[in-house]
Structure formats: structure tokens, C-alpha cells
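Everything on this sheet refers to the single structure shown next.
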Amino acid sequence: MPSDPDLKRLQWRAHHRGTREADMLIGGFFDAYNASWNADERALFAEMLESQDVDIMAWAHGTAEPPERFAGPMIEALKTLTYIRIAR
């Protein structure tokens, strides 16, 4: 668990979206990538969390284009979906 209060807040918001699917996708993305984010990337993720879950999930699945401000490495990483843990 992160010790930084802002990072803890982001973690909680990423993992408590309202549906299990969104929690897995957005929370899994946070868990996989947050350690490598700089302050600007952390701020971009926080801004992305203000978006609707269905929009974020559509960006991840490639069924909708993200707003220009989100286009770039973070969305490309989101689209990989390799960070989602699936019970087998």
C-alpha cells in the first residue's frame, strides 16, 4: 500500500469505481503502473479518474477515442489490458 496520502487517495479511487469490471480494469492499471509515474503522469491519471467508467473502459478496449489530453503513453498502456488479473 502506498504511503503517500495523494497516492493512497488515487489507489482508493482507482479500486472503488462502482462495478467489479471497472475496479479490475482501472485498479489493475493503477497497481501495474503507478510506481513508475512521475508527478505529471500521476496528475493525468487523477484527471482521467474524473471521467465516467464506461468512457475509460471504452478507451481501454479501443471502442472510443480518448480526449486529446489523454492521448499518449498512458492510454497506450491502458489499451494493453495485460495488467488485469484473471482467476484461472
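The values are calculated or read from the model by the stated rules, or taken from the named source; none is laboratory data. Keep in mind that what you see is a predicted model, and the values were worked out from it rather than measured. All Cβ positions, glycine included, derive from the backbone under ideal geometry; neighbour counts span all protein chains shown.
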Residue, nearest to the chain's Cα centre (by Cα), within segment 71-88, restricted to residues that are at pLDDT 95 or above and surrounded by 14 or more Cβ atoms within 10 Å (Cβ to Cβ):
LEU78
Hey, does segment 15-24 have a residue that's touching a Gly at 6+ places or on another chain (Cβ under 8 Å) and assigned to a helix (DSSP H, G or I)?
yes
Residue check for GLU68: at pLDDT 95 or above, of a type in the set (Asp, Glu) and over 12 Å from the mean Cα position of the chain (by Cα)
yes
With the condition kept exactly as written, say whether any residue in segment 33-45 is under 18 Å from ARG13 (Cβ atoms), touching a His at 6+ places or on another chain (Cβ under 9 Å), touching a residue at least 40 places away in the same chain (Cβ under 8 Å) and outside any loop (DSSP other than H, G, I, E, B).
no
Can you pull out the residues in segment 74-88 that are assigned to a helix (DSSP H, G or I) and in contact (Cβ under 8 Å) with a residue 12 or more places away in the chain?
MET74, ILE75, ALA77, LEU78, LYS79
In segment 1-48, what residues are of a type in the set (Ser, Thr, Tyr) and loosely packed, with under 15 Cβ neighbours inside 10 Å?
SER3, THR19, SER36
Suppose the filter is in a loop (DSSP other than H, G, I, E, B) and in contact (Cβ under 8 Å) with a residue 12 or more places away in the chain; does GLY28 pass it?
no
Criterion violated by VAL54 - all others in (1) more than 9 Å from the chain's Cα centre (by Cα); (2) closer than 22 Å to LYS8 by Cα; (3) among the β-branched types (Val, Ile, Thr) satisfied
(2)
